[in-house]
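Heads up, the thing below is written out as structure tokens.
The values are calculated or read from the model by the stated rules, or taken from the named source; none is laboratory data. Computed from a predicted model, the values in this text were never measured in an experiment. Here the Cβ positions follow ideal geometry from the backbone for every residue, glycine too, while neighbour counts run over all protein chains shown. Remember, those area values only see protein heavy atoms, side chains included, never the ligands or the DNA or RNA. Shrake-Rupley method; radii C 1.70, N 1.55, O 1.52, S 1.80 Å.
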Amino acid sequence: MSGTIATGRRPRKSRAGWNLLGLLVFVTAGFPVYWMLNTAIKPAKDTIDPDPSLFPTGFTLDNFRRALDIADFWGPVGRSLVVSLSVVAIGIVVGMLAALAISRFAFRGRKIVIVGILAVQMVPLVAMIIPVFLLLNDLHQYDKLTGLIITYLTFILPFTVWTLRGFIVNIPRELEEAAMVDGCSRTAAFVRVVFPLLAPGMVATSVYGFIQAWNEYLYALMLLSQEHQTATVWLGNFTTKHGTEYAPMMAGATMMAVPIVVLFLLVQRKMAAGLTAGAVKG
């Protein structure tokens, strides 16, 4: 009897421990976001208080108006949207075709391509700044959005190919073969059978690529002038004649986070399915 009670207590203690750990991780990850929102809606004078309050002491939307008035906001945001959406569109099409070729076809140098994809992801991005700058300058793509899009594709495409390859490998070949036996061509079999099963993985990969391109700062700073700066560079250079105004800066950061939040809310179900696809077989 005592053994049964002891066994019953252990799972409860174990669950309580994991729940406490999860709560700790949530608070640690969510506190910066909360502080950003807290600073964005509080009066500007409260942001420089040497004894800041954990909870907002007042509510105002003036910081958002101030952020829009201090400098051009919609220009950098529009350029970031153009770059991010272009990277996602090109990356998902090219990445899907490359992943399909690596997963379904045997060709000479296939292993070398796979190893090369992994090797590219291990190279620190900061180590490629000078070669990328020189290459774009020779191609007359320096200080152009097209040059930045090409640059982002160099480190987002390998991840896209590798991730989509994992999804395609988990789709049985027998499904395609059965469709081809029924009269479908290889292309029709892919469109009707493989593509619907691959859609969640494509959504998850697209969201990752969009976030990477949207939040990237270093290359946007080095490869674009102030006239063509993206939203992250605009936020990093957020200064006025009075110096850095933290309340409008946090309001600008909040507005920059809106596209990511909206995108995630729209595709959260597909993304959850994509992240768990292939985790369980049978």
Positions within the stretch 79-112 being among the small types (Gly, Ala, Ser) and farther than 30 Å from residue 43 by Cβ, in sequence order: 84, 86, 89, 91, 95, 98, 99, 101, 103, 106, 109
Residue count for the stretch 223-281, restricted to those that are at pLDDT 70 or above and in a helix (DSSP H, G or I): 32
Filter result for the condition that a residue is at pLDDT below 80, in a helix (DSSP H, G or I) and surrounded by fewer than 10 Cβ atoms within 10 Å (Cβ to Cβ), over 50, 11: 11
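Each row is one residue, and each column tells you yes or no for (1) open to solvent by 20 Å² or more (accessible area, probe 1.4 Å); (2) in contact (Cβ under 8 Å) with a residue 40 or more places away in the chain; (3) part of a helix (DSSP H, G or I).
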| position | (1), (2), (3) |
| --- | --- |
| 91 | no, yes, yes |
| 106 | yes, no, no |
| 111 | yes, no, yes |
| 115 | yes, no, yes |
| 119 | yes, no, yes |
Top-ranked residue in the stretch 216-258 [being among the polar types (S, T, N, Q) and surrounded by 15 or more Cβ atoms within 10 Å (Cβ to Cβ); ranked as farthest from residue 130 (Cα to Cα)]: 254
Helices (runs of 4 or more DSSP H) fully within the stretch 125-189 counting 3 or more residues that are within 21 Å of residue 95 (Cβ to Cβ) and open to solvent by 70 Å² or more (accessible area, probe 1.4 Å): 145-169
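Per-residue answers, yes or no, for (1) in contact (Cβ under 8 Å) with a residue 60 or more places away in the chain; (2) among the hydrophobic types (A, V, I, L, M, F, W, C); (3) buried (at least 18 other Cβ atoms within 10 Å of the Cβ); (4) over 30 Å from residue 144 (Cβ atoms):
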site: 37; (1), (2), (3), (4): yes, yes, no, yes
site: 40; (1), (2), (3), (4): yes, yes, yes, yes
site: 43; (1), (2), (3), (4): yes, no, no, yes
site: 54; (1), (2), (3), (4): no, yes, no, yes
site: 59; (1), (2), (3), (4): no, yes, no, yes
site: 64; (1), (2), (3), (4): yes, yes, yes, yes
site: 68; (1), (2), (3), (4): no, yes, no, no
site: 79; (1), (2), (3), (4): yes, no, yes, no
